[in-house]
1. Just to be sure before I move on: is L50 more than 20 Å from I200 (Cα to Cα) and aliphatic (A, V, I, L, M) in the structure I sent?
2. In the range 165-190, what residues are under 20 Å from S45 (Cα atoms), of a type in the set (A, V, I, L, M, F, W, C) and out of contact with any helix residue (DSSP H, G or I) (no Cβ under 6 Å at 6 or more places or on another chain)?
3. Go through the range 125-217 and tell me which strands (runs of 3 or more DSSP E), entirely inside it, have 3 or more residues that are in contact (Cβ under 8 Å) with a residue 24 or more places away in the chain and closer than 23 Å to A76 by Cα.
4. Go through (1) out of contact with any helix residue (DSSP H, G or I) (no Cβ under 9 Å at 6 or more places or on another chain); (2) not assigned by TED's automatic domain parsing to the domain that holds P39 one by one and return the number of the condition M136 breaks.
5. Filter the range 167-208 down to the residues that are basic (K, R), under 18 Å from L143 (Cβ atoms) and within 15 Å of the chain's Cα centre (by Cα) and list them by number.
6. Looking at L196, L162, L191, can you tell me which residue is surrounded by fewer than 21 Cβ atoms within 10 Å (Cβ to Cβ) and of a type in the set (A, V, I, L, M, F, W, C)?
7. Spot the failing condition for P19; the list is (1) at pLDDT below 95; (2) part of a strand (DSSP E or B); (3) under 17 Å from I200 (Cβ atoms); (4) of a type outside the set (D, E), and only one is missed.
8. Hey, could you check the range 81-122 for residues that are among the small types (G, A, S) and in contact with a helix residue (DSSP H, G or I) (Cβ under 8 Å, 6 or more places away or on another chain) and say which is surrounded by the fewest Cβ atoms within 10 Å (Cβ to Cβ)?
Amino acid sequence: MKSPAVVFDRVCLEFEGKPLFHNLSLHLEGGQSTCILGPSGCGKSTLLKLIAGSSSLPYTGSITLDTRPPGGQQVAWMGQNDLLLPWLSLLDNVLLGARLRHELTESRRRKALSLIEAAGLAGHEQALPATLSGGMRQRGALLRTLMEERPILLMDEPFSALDALTRLRLQNLSARLTQGATVVLVTHDPLEALRLADRIIVLAGTPVQVVEIIEPDHKPPRDPGDPAVTDQYPGLLRLLLNGEAA
């Protein structure tokens, strides 16, 4: 079964008395990875919160996940803060969702251990979050989200605290594990977007507008030297710089 599309239809939202979205319409294709790029404060994280079903953001218009309302059991969300529970080990944090749903099995535990090793965290399974670096905590939060195996995956700057080589490894792991899911990834990194996205949506302005939609060639994850990445990177960077200036 194909993962659901996410549809914004003439969505309006004010933030601190100013219009953040005005008649914003978007169609995020089901089963594809969409990267959202744009200047800080343009509403990228707010988009994810609306898809996740946040009740603290009153809006007009409609948001649907196919025919369903936002949020619910079909969505997994990784925010900018790792939110690891400080009294649980790394392994128990990664397995938290399964434990809360009473679905903790030996096969789930083996999968979590396999992901921890793939993320370069072997040997830290029983470590508490306070003993881990920021990048290690971010990796733990990413693994916890990937373990949910939901049809819609929302990620807000999931690789921002990682060094370059670890970032590439985790990007590849994430792309492999989320094939077939509807992924919406917010990033400030145009190279990351060109590596991971089936579709890139560039936002700018107040209220925010879609200024460009890019569909790179080849399927993600793309090698950093792929022409679909290297040929489009300069133009995408210029576009973002113009958006920041605006």
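The values are calculated or read from the model by the stated rules, or taken from the named source; none is laboratory data. Keep in mind that this is a model prediction, so the values were computed, not measured. Every residue, glycine among them, receives a Cβ derived from its backbone with ideal geometry; neighbour counts consider all protein chains shown.
1. no
2. Residues satisfying the conditions are A181, V183, V184, L185.
3. On the way: elements: 152-156, 182-186, 199-204, 209-214.
So the answer is 152-156, 182-186, 199-204.
4. So the condition that M136 fails would be (1).
5. The initial filter retains those residues of the range 167-208 that are basic (K, R), namely 167, 169, 176, 195, 199.
Still in the running and under 18 Å from L143 (Cβ atoms): 167, 169, 176.
Within the range 167-208, R167, R176 qualify.
6. Numbers: L196 fails: surrounded by fewer than 21 Cβ atoms within 10 Å (Cβ to Cβ); L162 fails: surrounded by fewer than 21 Cβ atoms within 10 Å (Cβ to Cβ).
Matching residue, one of L196, L162, L191: L191.
7. (3)
8. Narrowing the range 81-122 to residues among the small types (G, A, S): 89, 97-98, 107, 112, 114, 118-120, 122.
Going one step further and asking which of them are in contact with a helix residue (DSSP H, G or I) (Cβ under 8 Å, 6 or more places away or on another chain), we end up with 97-98, 112, 118-120, 122.
Values: G97: 18, A98: 19, A112: 23, A118: 17, A119: 24, G120: 17, A122: 11.
Step by step, filter the range 81-122, then rank; the result is A122.
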